[in-house]
Amino acid sequence: MNSFAGLDVSIDETAICVVDEHGEVLCRAAVPTDPAAIAKVLEPWSATMKRVGHEAGALSPWLHPELKAIGVPVVCLETRHVRASMGAQRNKTDASDALGIAHLMRTGWFRQAHIKTEASYRMRLLLTQRRNLKRKFLDIENTIRHSLKAFGIRLGKVGRGGMENAVREAVADDPMTAGLMDCMLRARHALWVEYLALHKLATQLAMRDELCRRFMAIPGVGPITALHFSSAIEDPTRFRRSRNVAAYFGLTSKRWQSGTSIDVKGRISKAGDPDVRRALYEAASAMLTRFKGADLVKSWGLKLAKTKCHAKARVAVARKLAVIMHAMWRDGTTYVGDPSADQHDIDAWNAAKVQRLSRARS
């Protein structure tokens, strides 16, 4: 008789539930979150065990490969689907969650989440920490600007390079405020230096990667967008059609239909990785506003902006960029924005882009 197991994984302890093909509970246990300890509990049913499910989480990139290496038939489940399927539970406990996951394994009503390689997680860690440093830097900068308004000091349009001198000059007559601002400015400077170090590393990695260089031939797509997209997809064969990638990153609209009277198409779903979605949106905005050359996608987006609005046009262009980038990756092709454009202009644009990136690396 076949058996199935569910794991409710937490930082310190993992709840385990084993059921047979009829739904009868065979075992309940709680062990430390360690692959060897989990495999030991499941060992009596190793001959009949068909699937062992666990929900995608922070420990999944480590736990899933370790269990698979031991020989456990482990499956990583999509978080949204698990939460929706077990939403009818009256009481939520680790044991009941493990039982619910075991029943999902038994019935086969689940969606499997993709576990990326360690190299992809390392790349995403670099991009995440780069983003965190930039956010903290901007938080401190905005705090400095806001706190000085209490004394009537409005910095106005002060550039990033001249902000430090402008702040010191503005508070030079107030020793206490000058001391406080000095601490904030030193913290701001330290964050900016470390952010530039991570940004330089990300740019170098993108320039060394052939796929990222092909992505960066698209107007508006820079090294950060290229790295975000490649590390999030990792394997282009995961998607049967390129247009599925746009839905994967939450760039397609939600729909609510019931009977013949209700059929509402709402805003984008915002499912999937928000960092990739944000990077594609910024790339679309740069293509529509900063790129001055001829491009069919840009022309299509500008026409859409006239009939709708610029925000919707940017989302639509971001969705199209996701489809184009996946198709380029899958087919091994390069991007040609406008076949009728002069090749000299295209080469000049790409050369200028490489020059800007080279300056960022140095």
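The values are calculated or read from the model by the stated rules, or taken from the named source; none is laboratory data. Keep in mind it's a predicted model, so treat the numbers as computed, not measured. Reconstructed Cβ throughout: ideal geometry from the backbone, glycine too, with neighbour counts over all protein chains shown.
When Arg214 is tested against (1) out of contact with any Gly (no Cβ under 6 Å at 6 or more places or on another chain); (2) surrounded by fewer than 16 Cβ atoms within 10 Å (Cβ to Cβ); (3) assigned by TED's automatic domain parsing to the domain that holds Val315; (4) among the basic types (Lys, Arg), exactly one condition is not met: (2). Contact map, segment 106-133: first residue hydroxyl-bearing (Ser, Thr, Tyr), second residue outside any loop (DSSP other than H, G, I, E, B) and at pLDDT 90 or above, Cβ cut-off under 6 Å, separation 6 or more or different chains; pairs are Ser120/Ser231; Tyr121/Pro61. Within segment 269-319, restricting attention to residues that are touching a Gly at 6+ places or on another chain (Cβ under 6 Å) and more than 25 Å from Ala217 (Cβ to Cβ), which residue is surrounded by the fewest Cβ atoms within 10 Å (Cβ to Cβ)? The selected residue is Lys270. Of all the residues in segment 145-157, those that are more than 36 Å from the chain's Cα centre (by Cα), aliphatic (A, V, I, L, M) and surrounded by 10 or more Cβ atoms within 10 Å (Cβ to Cβ) number 1. When the criteria are applied in full, Asp174 meets the requirement of being free of Cβ contacts under 8 Å to residues at least 60 places away in the same chain and in contact with a Phe, Trp or Tyr (Cβ under 8 Å, 6 or more places away or on another chain). Counting the residues of segment 18-51 that are among the hydrophobic types (A, V, I, L, M, F, W, C), touching a residue at least 24 places away in the same chain (Cβ under 8 Å) and under 20 Å from Lys68 (Cβ atoms) gives 8. If you check Gly250, Gly220 for being surrounded by 16 or more Cβ atoms within 10 Å (Cβ to Cβ), in the same structural domain as Leu296 (by TED's automatic domain parsing), within 19 Å of Ala313 (Cα to Cα) and in contact with a strand residue (DSSP E or B) (Cβ under 7 Å, 6 or more places away or on another chain), only one passes: Gly250. Against the test of being at pLDDT below 95, out of contact with any helix residue (DSSP H, G or I) (no Cβ under 9 Å at 6 or more places or on another chain) and not in a helix (DSSP H, G or I), the options Ala341, Ala348, Ala352, Ala294 yield a single qualifying residue, Ala341.
May I ask you to verify whether Ser85 is out of contact with any helix residue (DSSP H, G or I) (no Cβ under 8 Å at 6 or more places or on another chain), surrounded by 16 or more Cβ atoms within 10 Å (Cβ to Cβ), modelled with pLDDT under 95 and not basic (Lys, Arg)?
no
If you go through segment 76-106 and keep only what is part of a helix (DSSP H, G or I) and out of contact with any Gly (no Cβ under 9 Å at 6 or more places or on another chain), you end up with Arg80, His81, Arg83, Ala84, Asp94, Ala95, Ser96.
Scanning segment 58-71 for residues that are surrounded by 17 or more Cβ atoms within 10 Å (Cβ to Cβ) and not in a helix (DSSP H, G or I) yields nothing.
Here are some conditions: (1) farther than 30 Å from Ile224 by Cα; (2) among the basic types (Lys, Arg); (3) within 30 Å of the chain's Cα centre (by Cα). Arg160 meets all but one. Which one does it not meet? Condition (1) is where Arg160 drops out.
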